[in-house]
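Taken together, the values in this text are just the output of simple stated rules run on the coordinates, not laboratory data. Owing to the predicted nature of the structure, the values given are computational and were not obtained by experimental measurement. Don't worry about glycine lacking a Cβ; one is built from the backbone with ideal geometry, like all the others, and counts go over all protein chains shown.
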Amino acid sequence: MIKRKLLFIGIVILTTLMTYGQTPSGKSKVMVMDIKAEIDPRMLRYVKLAIDHAEKAKADYVIVDMDTYGGVLTDAKEIVDLIMDFKKPIWVFVNSDAASAGALISIACDSIYMSPGASIGAATVVEGDGKAAPDKYQSYMRSIMRSTAEENHRDPRIAEGMVDERVVVDSVKQAGKVITFTTLEAIKYHYCEAKVNSIEEILKRNKIENYELDHFELGATEKIISFFINPFISGLLILIIIGGLYFELQTPGAVFPIAASLLALVLYLVPYYLNGLAQYWEVIALMVGIILLAAEIFIIPGFGVAGVLGIGLTVGSLILIMLNNDFFNFEFVPLGDIVVATVSAVGGLTAGVLLLFFGGAKLTETKAFKRIALTDTQESAQGYSVNNSSKELIGKTGVAHTVLRPSGKVLIDDQVYDAFTRGDYVQKGDPVEVIGTEGITLKVKVVN
């Protein structure tokens, strides 16, 4: 009886081991993800989602379909960490180019396969203008390339030689050029397992014949998020934010302008937050800047410290949200990214101001604007009239019942009236004199 139980347990264990990592139909799960664009926050998010998908789907193998000239170093480093932390084999198929950050990501994979005519290497860190970045960037890249190569049992000196032209590797390169391998050269120096023409050939070489291929692609929502993480789109959203606030002030209660402004703000912040670029403190700084500007416009007279701080915080936070900085640490943020973010934020704000300055008046005359705002004037010739008793108040004096900046309320003969000045700021309690009327609103001036 005991022998039968032990036999049964052994069969169960053996069956479990034989079917581990396979679908119910006995097929191995193979997930393919594409790295065929610039390495940037959008690509980093794509890889994160792809790795999460592979883990949830219990993929047995992941193949990276690679064709890139590189990109942002910090994003590439995070992709490398994701790949090296994944427990199942990850292979890369370099079907054309794996340059710069692409070479680093390829070296992080368990196996490298290359198509005929492909290349890998040229990992020197460059600035936005194509010139080599300062040595601190090169040193950081060399250390990452070396440690990644060592982890996957590849020659670390060759990895360094892909970054630094000064590195000399016997029989591989002399000083003066960085290493860029062709497919056959990569095979010769153990930076490529084999020359292949397709992903299917990689699977065949590894004796994986019964498999289920899953090509990971972003969903509609993720594609929309990736679309908005674009400096040009960010600049347009900033323009809409400014324009919406302006027209809401021009036509209070119209709803549409402020709704458009709020929607643009959400579309600006959420994608950067989901991609890990917008930090809590940056979002808070933006909100504080907006609040200070609102206080300067509606509460505090004149233009002073609050206005300057508001502008500084607003513009600064809009720029920082687009950058992968670590609390003002820009050590590994490319200068080109800083320039692009600054141009996008300042350009969006400037374009918004210019649009309002030159086109604001014309926009209020369009039919579309008149549909959402009350712009008609009720002329007396059309039969409209107002209470003429307000005209009898001309010449009378009273006091400011509220602050006038320039509109507010005044108290005359124990009656409260709506009033405005010619642009002067009037403190509550200051003596005023009625000098005219506009409808039922009094026009007043300060009595000296």
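With a Förster radius of 60 Å, plug the Cβ-Cβ distance of Glu212 and Val169 into 1/(1 + (r/R0)^6) and report the FRET value to the nearest 0.05.
On the way: r = 42 Å, r/R0 = 0.69.
It comes to 0.90.
Using 0.36 nm per residue of separation minus the Cα-Cα distance, give me the extension gain between Val447 and Ala259 in nm, one decimal.
63.5 nm
I need the shape label for the range 55-141. Rule: rounded when a/c is under 1.5, else prolate if a/b > b/c, else oblate, with a, b, c from the alpha carbon gyration tensor.
Details: a/c = 2.78, a/b = 1.56, b/c = 1.78.
It is oblate, given that a/c is not under 1.5 and a/b is not larger than b/c.
To the nearest 0.05, what FRET efficiency results for Ile224 and Lys396 with a Förster distance of 51 Å applied to their C-beta separation? Mind showing how you got there, number by number?
On the way: r = 61 Å, r/R0 = 1.19.
Taking R0 as 51 Å, the efficiency between Ile224 and Lys396 is 0.25.
For the pair Ala37 and Leu354, how long in nm is the line joining their label points, each one 7 Å along Cα→Cβ?
2.9 nm
Return the FRET efficiency for the residue pair Val343, Ser147: r is the Cβ-Cβ distance, R0 is 41 Å, and the value is rounded to the nearest 0.05.
Details: r = 35 Å, r/R0 = 0.86.
Once rounded, the FRET efficiency stands at 0.70.
To the nearest Å, what is the center-to-center distance of the range 79-94 and the range 157-221, using C-alpha atoms only?
Using only Cα atoms, the two centres lie 13 Å from each other.
Quick check: pseudo-label points 7 Å beyond the Cα along Cα→Cβ at Lys87 and Glu438, how many nm apart are they?
About 7.3 nm, to one decimal.
Sort 279-292, 165-178, 138-151 by the packing proxy (mean of other Cβ within 10 Å over each peptide's residues), most packed first. Kindly include the intermediate steps, with their values, before the conclusion.
Numbers: 279-292: 16.5, 165-178: 12.9, 138-151: 18.6.
Output ranking for 279-292, 165-178, 138-151: 138-151, 279-292, 165-178.
For the range 130-270, take the alpha-carbon Rg, divide it by the Kirkwood Rh, and send me Rg/Rh.
Values: Rg = 25.6 Å, Rh = 20.6 Å.
Ratio value, two decimals: 1.24.
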